[in-house]
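The values are calculated or read from the model by the stated rules, or taken from the named source; none is laboratory data. Quick caveat, the model's predicted, so the values are computed rather than measured. Heads up, the Cβs are rebuilt from the backbone with ideal geometry, glycines too, and the neighbour counts pull from every protein chain shown. Remember, those area values only see protein heavy atoms, side chains included, never the ligands or the DNA or RNA. Shrake-Rupley method; radii C 1.70, N 1.55, O 1.52, S 1.80 Å.
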Amino acid sequence: MDENILQTIIVVFMLFLCLLCFFAVVVIVRDLIVESIRSRKQDEQGQPQSATVQPTIVVQPTVTSVAPAPVQPTPAPIPEEPKVEPKAEVKEDVKEEVKEEVCADVESDDDNEVAFSRTGLTIEEKFAALPSELKMHFNELVRHVLSKDGIKEIKHPNSYDYKDASYKVLRISIKRNEIVCDVFFMDRELLSYAKETGVKVKQPPTKIRVVDTDTLSVAKDGIDRVIKQIADDKERKKELAREKRRERRRAASAAEVEVEEQVNNG
């Protein structure tokens, strides 16, 4: 009894699959017929125009039912005329272009904005649209950070970066018609903990939006503090290097004394 039921289920399932295959074949054949009719209509519309261009032409016989052979003149072959795309497809292309243009002007507060917003306005174009007061604040920030020793300026399409060797100091960008300063303060305890544990830690910058003289003063003070932290860190690294050299000299001296004692005892 169970085998009869199983066989019945299998037969029903196979019939269902056959119906699906038949439906798919009908849909494919229908699409081919519609496409063939559409291509013939387009070719019939384009034939009178090509005939006016060249009075003596030879129409090649149709090779397939989908697309006829291109029209060629007797002296030289005429390039095949481009097919007119359906109106529905043209509307879709217009919509996609509009979406791309809208997305190009969207601004983000993400630190990786430099890599993803190159299709929008550059920082020079955004600077030109700033009010005169913010332009003065922007120039004052650039002059202040470049007045520090060892600072180098790196220009990107959407930001200006300022570094002291491998130390990041400042990133200036313009977002929503405001000056945004990313100040890279150093957390010594966090860096020491990361070094001890061997875990890579990326400390995010502190964002300061410069909109008036007060916020400009805060940003300049933050730059001074980062420069002071970098100088202290460089001095600390130098002291560690000197201590390592002293340890190596002491170890070398101890080894020499041990060798002399062995020679004397021997």
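List every residue pair whose Cβ atoms lie under 6 Å apart, where the two residues are 6 or more positions apart in sequence or sit on different chains, the first residue falls within region 154-165 and is more than 14 Å from ILE179 (Cβ to Cβ) and in a loop (DSSP other than H, G, I, E, B), and the second residue, located anywhere, is modelled with pLDDT under 95 and not polar (S, T, N, Q). Correct list of pairs: HIS156/VAL114; PRO157/ARG118. In this structure, is VAL218 outside any strand (DSSP E or B) and without any contact (Cβ under 8 Å) to a residue 12 or more places away in the chain? Yes.
Confirm whether ILE208 is assigned to a helix (DSSP H, G or I) and under 28 Å from VAL145 (Cβ atoms). Please lay out each step first, then the result.
Values: assigned to a helix (DSSP H, G or I): no; under 28 Å from VAL145 (Cβ atoms): yes.
So ILE208 does not fit the description; no.
Residue check: ASP214 meets all listed conditions (1) within 22 Å of GLY150 (Cα to Cα); (2) under 36 Å from the mean Cα position of the chain (by Cα); (3) open to solvent by 80 Å² or more (accessible area, probe 1.4 Å); (4) not polar (S, T, N, Q) but one, namely (1). So, ASP182, is that one outside any loop (DSSP other than H, G, I, E, B) and buried (at least 18 other Cβ atoms within 10 Å of the Cβ) or not? The answer is yes for ASP182. Residue pairs whose Cβ atoms lie under 8 Å apart, sitting 6 or more positions apart in sequence or on different chains, and linking a residue in region 245-262 that is at pLDDT 80 or above to a partner that is hydroxyl-bearing (Ser, Thr, Tyr) and open to solvent by less than 70 Å² (accessible area, probe 1.4 Å), do not occur here. Residue count for region 162-174 satisfying the condition of being under 22 Å from the mean Cα position of the chain (by Cα) and open to solvent by 10 Å² or more (accessible area, probe 1.4 Å): 2.
Taking LYS228, is it open to solvent by 80 Å² or more (accessible area, probe 1.4 Å), within 30 Å of LEU134 (Cβ to Cβ), at pLDDT below 95 and part of a helix (DSSP H, G or I)? Break it down stepwise before answering.
Details: open to solvent by 80 Å² or more (accessible area, probe 1.4 Å): yes; within 30 Å of LEU134 (Cβ to Cβ): yes; at pLDDT below 95: yes; part of a helix (DSSP H, G or I): yes.
In short, yes.
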